[in-house]
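What follows is a single structure, written as structure tokens, with notes after it.
The values are calculated or read from the model by the stated rules, or taken from the named source; none is laboratory data. For clarity, every value in this text was computed on a predicted model and none was experimentally measured. Backbone-built Cβ (ideal geometry, glycine too); neighbour counts: all protein chains shown.
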Amino acid sequence: MFTQLDLTYLAGFFDADGSVSIVRLKNKELVRDFTYQVQVIIAQNPPCPIMDELLEEYGGKIYKHSRHKVTQVWRCPASSHIRFLKAILPYLRIKKEAAQIAIEYQVRVNQNPTFRPVSDDEFAKRTALYERMQDFFDSRGLLNHSRGRERKAA
């Protein structure tokens, strides 16, 4: 369990090296051919002991990514998005609004935990949250890797 000081540190760490986004995923098996998904990740050059602590507290997966040099990436599982983001939310400065949007989105998803198609009204609300997230990144000139790109659902 992280202390308040740990969470303050984690929030700064996340503001600098973390990412929270809502991505659009293609999936031809769905009624609408795509869906949205919250992604919460932190990337850091190894070794980074805090990544193991995140894994232990929130679960998920740590993997290595190498575009130019090896980077360690922690991906928060969907089951821990809300808990992790709410824990650091009071201390976030840069990505606070994005975290709030992601929490709101994930709460909506958790209200319909089955994989049945959602109503048109619910889908419109989720789309609005996706667009709010895009606007957040655009208005602050922040890099958003999901903008304009669709990925295939795993």
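Restricting the search to segment 96-111, which residues are in contact with a helix residue (DSSP H, G or I) (Cβ under 7 Å, 6 or more places away or on another chain) and over 13 Å from V38 (Cβ atoms)?
Matches in segment 96-111: K96, E97.
Among (1) surrounded by fewer than 16 Cβ atoms within 10 Å (Cβ to Cβ); (2) under 24 Å from F136 (Cβ atoms); (3) among the hydroxyl-bearing types (S, T, Y), where does S80 come up short?
It fails just one condition, (1).
Among the numbered criteria (1) at pLDDT 95 or above; (2) over 25 Å from T3 (Cβ atoms), which single criterion is violated by F115?
(1)
Okay, residues lined up against (1) modelled with pLDDT of 90 or more; (2) within 29 Å of A124 (Cα to Cα); (3) within 17 Å of the chain's Cα centre (by Cα):
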| position | (1), (2), (3) |
| --- | --- |
| V20 | yes, yes, yes |
| V23 | yes, yes, yes |
| N27 | no, yes, no |
| V31 | no, yes, no |
| F34 | no, yes, no |
| Q39 | yes, yes, yes |
| P49 | no, no, no |
| L54 | yes, no, yes |
| S66 | no, no, no |
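Would you check if there is a residue in segment 102-116 being under 18 Å from I42 (Cβ atoms), surrounded by 17 or more Cβ atoms within 10 Å (Cβ to Cβ) and either of a type in the set (A, V, I, L, M, F, W, C) or without any contact (Cβ under 8 Å) to a residue 60 or more places away in the chain (or both)?
yes
Any residue in segment 119-131 that's on the phi < 0 side of the Ramachandran plot: show its pairings with residues that are assigned to a helix (DSSP H, G or I) and among the β-branched types (V, I, T) at Cβ separation under 8 Å, as long as the two are six or more apart or on different chains.
That search, which allows pairs on different chains as well, returns R126/V109; L129/I101.
Can you pull out every residue in segment 62-77 that is surrounded by 11 or more Cβ atoms within 10 Å (Cβ to Cβ) and among the charged types (D, E, K, R)?
R75
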